[in-house]
Amino acid sequence: MSAPAINETRKTKLPQRLPIVILIAVLIIAVVVSCAVLGEGIAPYSPFLQRLGVGDTPPSAAHIAGTDLLGRDVLSRVIYGARTALVGPVVVAGGAFAIATLLGLLSGYLGGLVDSAIMRWVDFMLALPGPLVAIVVVGVAGGGYWTAVFVLVVLFTAPDTRIVRSAVLEQRPLPYIDAARTLGISKTRILFVHILPNVLPIILAYVVLDFAFALVNLAGLSFLGLGVEPGTPDWGRMLFENRNILFSNPVALLLPAGMIILTAVSMNLIGDWLLERFAK
Amino acid sequence: MTGSGVVVFVMRRFAVAVPLLLIISFGVFALVHIAPGDPVRSLLGARASDPATLAAIREHYHLDDPFLIQYFKWLSKVVQGDLGVSILGNRAVTSTIADRLGVTIFLSLMSAVLVLGLGVVLGAVGAFRRGTRLDRAVVMFGVFGISSPAFVTGIFLLYFFGALLHWFPIFGPGTGFLNRAWHLTLPALALAISVMAIVIKITRAAMIEELDRDYVTFARARGLSSRRITFAYVLRNALIPVVTAAGLIVVGIVSGAIYVEVTFSLPGLGALTIDAVQKRDIPTIQGTTLLFSVFVVLVNLATDVIYMLIDPRIRFGRVES
């Protein structure tokens, strides 16, 4: 939503320093990333270590977050779960925007038939109920983490293409493009050397927002039993596997659920903040 | 624009919706072939694989015909209301869907009321108190809603209001209107929170834009009451963008309902779909997917028509940008 021009003078100037909320969000993401990278180093137990005799127990001194049905340490599984929570969404957001940037640049700059063809495809994709398509296609294809990632890349590319295209359309009438064309610079060079750097900040902001959306979607598919393989430590999968121990060890559900929300909220806040800064 | 102009507009939208529906039906049909392995095996399910049964399945689904012929034969049956037979219970998919439809409709309507009611109020409050603590809280709630999918919110609600406080039942859909509403309160709330974020964001942005317009300043200068300005002018204009987002809201509710039904173990269409996906019951998946998608396409169509009827600027082709 861009504010009308009349607002420009009234709008209060954005503070230049990092708002405290964004600082907290960055810190949370840093913690999640360290969990994913350090895994073995900080997890108190192996996330796969089963102790069937113990079963599901509430939090205790030995297991801060308790254990699940198979006696596995919940905290260790949540720490390891940061991996699938980061890798997939990074691939989805990065992959979708890599394709969308190419299509959006071509569509926005070349116009004509290329533009119509790409935009008809985008319109079609946006008319589909995306989350439902993801569930059905991933499920029928036999599930799996990378299948889910692939389907989400395809689904995310359409709206992302529209975003890149409209960013490119804003650049097109600017004098520097005319200047470049007058100098006889090739279309490819104008697209990738002159336009791309100017639309990159906005793309970056949307990549962050896409990450949050992809995290929520992937966790959802794993929650339905369609994402990661059984046994994999994954926040969504933990909600699926532990749904019957809500009474004996609620932490086994509330901790991964809280991590999904915290990570997604943080990324959404960072993305919104970047967008506000970069989109004028 | 005259009455015939409206007809032309509706016809033009239909001209887009029909091919879309055809492509969707084709995709749904192709699901049998996306499934890994031989389609006959996918359709066989748990039945014994003797040659007679296999031949009967090949015959019933016309698997020996060319792909496009198979599709047209399948489509002509679907149009007549025959979605095939579940591979699990040997029961007509349409009658299974009919059994499950009630819970899903109840849940979706309940959360739609919450989404629109609370969403518009919160968005409007945020816009009126722009820049204050209250506004920041509303914006933050919106970010929270977008970031917490219905199944995650559902687990928190289930734990705090179901398991800890015992305010609401944690299992089953209930019987009778009031009992059902009581059983479905938490699921509807979980579903609503994630979808409400869209409505809050759109209402707030639209309200802020409308409040800055000259006609509001003029109305104030003329001494019209704040209440009149808000409800008679500003809110009416600000709700137009919300109407155009109806498609987005419906997709959110419909797909969110799938997750919520699984979270709260409700016997609705969404739970049926997931059950069918896990058991590879292709005819049932095709049936529910087709129903959901057709519904979404029709809602989008209706949205465009309603949008045109409520906003005269569209009808007279005078809308900027």
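The values are calculated or read from the model by the stated rules, or taken from the named source; none is laboratory data. Keep in mind it's a predicted model, so treat the numbers as computed, not measured. Quick reminder, even Gly has a Cβ in these numbers, built from the backbone with ideal geometry, and neighbours come from all protein chains shown. The accessibility values were calculated without ligands, DNA or RNA, using every heavy atom of the protein model including side chains. Shrake-Rupley method; radii C 1.70, N 1.55, O 1.52, S 1.80 Å.
Values computed for the structure shown
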{"quantity": "Relative contact order %, chain A, counting alpha carbon pairs below 8 Å whose residues are six or more apart", "calculated": "25"}
{"quantity": "Chain A - Kirkwood radius from inverse mean 1/r over Cα pairs (Å)", "calculated": "21.0"}
{"quantity": "Mean separation of Cα contacts under 8 Å (6+ apart) over length of the range B:3-79, as relative contact order %", "calculated": "22"}
{"quantity": "Table column - 3J(HN,Hα) (Hz), the range B:247-255, Karplus curve with 6.51, -1.76, 1.60, x for Gly and Pro", "calculated": "x, 4, 5, 5, 4, x, 5, 5, 6"}
{"quantity": "Shielding by partners, peptide A:226-236 (average Cβ within 10 angstrom, other chains)", "calculated": "1"}
{"quantity": "Cα-based reach from B:K77 at 15 Å (exclusive), listing aspartates and glutamates while leaving out same-chain residues under 8 positions away", "calculated": "B:E59"}
{"quantity": "Inter-chain shielding of A:136-147 (mean C-beta neighbours from other protein chains, 10 Å cut-off)", "calculated": "5"}
{"quantity": "Shape call, chain B: gyration tensor on alpha carbons, a/c limit 1.5", "calculated": "oblate"}
{"quantity": "Magnitude of the charge dipole, the protein assembly as shown, Cβ model with Lys/Arg +1 and Asp/Glu -1, debye to 20", "calculated": "1760"}
{"quantity": "Built amide H within the under 5 Å cut-off of A:Y45, gap 5+", "calculated": "A:S76"}
{"quantity": "On Cα atoms only, tilt of B:93-128 relative to the major axis of chain B in degrees", "calculated": "20"}
{"quantity": "Residues whose placed amide H lies under 5 Å from that of B:V85, excluding near-sequence neighbours", "calculated": "B:V93"}
{"quantity": "Furthest towards positive pole of dipole, B:L21, B:L54, B:V7, structure part the range B:3-79, Cβ charges", "calculated": "B:V7"}
{"quantity": "³J(HN,Hα) computed for each position of the range B:49-64 - Karplus, 6.51 cos²θ - 1.76 cosθ + 1.60, integer Hz, glycine/proline x", "calculated": "9, 7, x, 5, 5, 4, 5, 4, 5, 4, 5, 5, 9, 6, 5, 8"}
{"quantity": "Estimated distance in nm for a label pair at B:S225 and B:S95, the labels positioned 7 Å out from Cα along Cα-to-Cβ", "calculated": "6.0"}
{"quantity": "Dipole magnitude of the range B:3-79 about its Cα centre (Cβ charges: Lys, Arg +1; Asp, Glu -1), debye to nearest 20", "calculated": "360"}
{"quantity": "Residues of chain B: accessible area per residue with a 1.4 Å probe, Å²", "calculated": "49"}
{"quantity": "Protection proxy ranking, peptides A:95-106, B:20-31, A:198-209, average beta carbon neighbours within 10 Å, highest first", "calculated": "A:95-106, A:198-209, B:20-31"}
{"quantity": "Chain B, relative contact order in percent, only Cα pairs under 8 angstrom and at least six apart counted", "calculated": "25"}
{"quantity": "Calculated diffusion of the range A:187-280, Stokes-Einstein form, Kirkwood radius summed over Cα pairs, 4 °C and 1.567 mPa s, µm²/s", "calculated": "84"}
{"quantity": "Approximate spin-label separation B:R130-B:S76, in nm, with each point projected 7 Å along Cα-to-Cβ", "calculated": "6.0"}
{"quantity": "Portion, in percent, of the accessible area of chain A that falls on carbon or sulfur, probe 1.4 Å", "calculated": "69"}
{"quantity": "Stretch gain in nm, segment A:A30-A:F124, where the contour uses 0.36 nm per residue and the Cα spacing is subtracted", "calculated": "30.1 nm"}
{"quantity": "DSSP H segments from chain A that extend 24 Å or more along their own axis, Cα-based, with Kyte-Doolittle mean of 0.5 or above", "calculated": "A:20-38, A:74-110, A:145-171, A:196-223, A:251-278"}
{"quantity": "Shielding score for B:267-278, defined as the mean number of other chain Cβ atoms within 10 Å", "calculated": "3"}
{"quantity": "log10 of Debye I(q)/I(0), alpha-carbon scatterers only, for the range B:3-79 at 0.15, 0.25, 0.27 Å⁻¹", "calculated": "-0.63, -1.18, -1.26"}
{"quantity": "Anisotropy class of the range B:61-179 from Cα gyration tensor, a/c 1.5 cut", "calculated": "prolate"}
{"quantity": "Which of A:L239, A:G225, A:P129, positive extreme of dipole for chain A (C-beta unit charges)", "calculated": "A:P129"}
{"quantity": "At R0 = 41 Å, FRET efficiency that the Cβ-Cβ distance of B:F295 and A:L183 yields, to 0.05", "calculated": "0.15"}
{"quantity": "Chains A and B together, accessible area buried on both sides, 1.4 angstrom probe, square angstrom", "calculated": "3800"}
{"quantity": "Sequence ranges A:146-158, B:139-151, ranked by mean other-Cβ count within 10 angstrom, highest first", "calculated": "B:139-151, A:146-158"}
{"quantity": "Those aspartates and glutamates that a straight Cα-Cα span of less than 16 Å connects to B:K201, excepting residues fewer than 8 apart in one chain", "calculated": "A:D272, A:E276, B:D135, B:E209, B:E210"}
{"quantity": "Simple Cβ-charge dipole of the range A:58-136, Lys/Arg +1 and Asp/Glu -1, about Cα centre, in debye nearest 20", "calculated": "160"}
{"quantity": "With every protein chain in place, chain B: carbon and sulfur % of accessible area (1.4 Å)", "calculated": "68"}
{"quantity": "Label-point separation, B:D212 to B:L22 (7 Å along Cα→Cβ), nm", "calculated": "4.6"}
{"quantity": "Three-way shape label, the protein assembly as shown, alpha-carbon gyration tensor, a/c 1.5", "calculated": "rounded"}
